[in-house]
Amino acid sequence: FSLSQHLTYNHFLTDHSRWYAEGRFDYGEHLLPQDEFTLGGFSGLRGYPLDFQRGQQRYLITTEYRYFSELHVFNLFRVGGVAFAEAGKAWDSPLQQGQKSLSDVGFGLRVSSSKARIGSVVHIDIAMPTAARGGIDKYQWVISTLQTF
């Protein structure tokens, strides 16, 4: 059994910039270890390695400042930027005990081809953990392709 709630908000500042906020809460019962909710890397909290925390419950709060530039590199790629801060926690797992809330800050580039299929945006992010930094790198690079900015 699992239940998820996901809320997003966009506050438009200009034609080229906006604030974006996202909140997520997930609740599960009797999940198998491979079905537990995770945090780290692609699943949120980009400043931590993939699946850094896992559990039957999870929350994640993300705030981003997004900038959409006029830059059109070689008439092939459109470029944007983002600065972000995140906080979250996954808990209630038989495999991990005593998880603490985590947070990170970072920035990234968004690159979208103006000639290829619409809807693919390459995300290149670098994030720094601000809590529970013991035993992990000072910076995490996350490169992914998503449908959204």
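State yes or no: is TYR48 open to solvent by less than 40 Å² (accessible area, probe 1.4 Å) and either touching a helix residue (DSSP H, G or I) at 6+ places or on another chain (Cβ under 9 Å) or farther than 24 Å from SER2 by Cα (or both)?
Yes, satisfied.
Grab the strands (runs of 3 or more DSSP E) fully contained in the stretch 6-96, keeping just those with 2 or more residues being touching a Pro at 6+ places or on another chain (Cβ under 6 Å).
Ranges flagged: none.
For the stretch 94-149, give me each residue that is β-branched (Val, Ile, Thr) and in contact with a strand residue (DSSP E or B) (Cβ under 6 Å, 6 or more places away or on another chain).
VAL105, VAL111, VAL121, VAL122, ILE124, ILE126, THR130, VAL142, ILE143, THR145
Please note which strands (runs of 3 or more DSSP E) are completely contained in the stretch 100-149 and include at least 3 residues that are within 13 Å of the chain's Cα centre (by Cα) and at pLDDT 95 or above.
102-113, 121-129
Within the bounds of the stretch 50-72, is there any residue that is within 22 Å of SER144 (Cα to Cα), at pLDDT below 95, of a type outside the set (Lys, Arg) and within 12 Å of the chain's Cα centre (by Cα)?
Looking for residues that are within 22 Å of SER144 (Cα to Cα), at pLDDT below 95, of a type outside the set (Lys, Arg) and within 12 Å of the chain's Cα centre (by Cα), one finds at least one in the stretch 50-72, hence yes.
Please find, within the stretch 115-149, the residue that is farthest from HIS72 (Cα to Cα) out of those that are without any contact (Cβ under 8 Å) to a residue 12 or more places away in the chain and open to solvent by less than 80 Å² (accessible area, probe 1.4 Å).
Selected residue: GLY134.
The values are calculated or read from the model by the stated rules, or taken from the named source; none is laboratory data. This one's a predicted model, so the numbers in the text were calculated from it and none came from an experiment. All Cβ positions, even for glycine, are placed from backbone atoms using ideal geometry, and neighbour counts span all protein chains on display. These area figures cover heavy atoms from the full protein model, side chains too; ligands, DNA and RNA do not enter into them. Shrake-Rupley method; radii C 1.70, N 1.55, O 1.52, S 1.80 Å.
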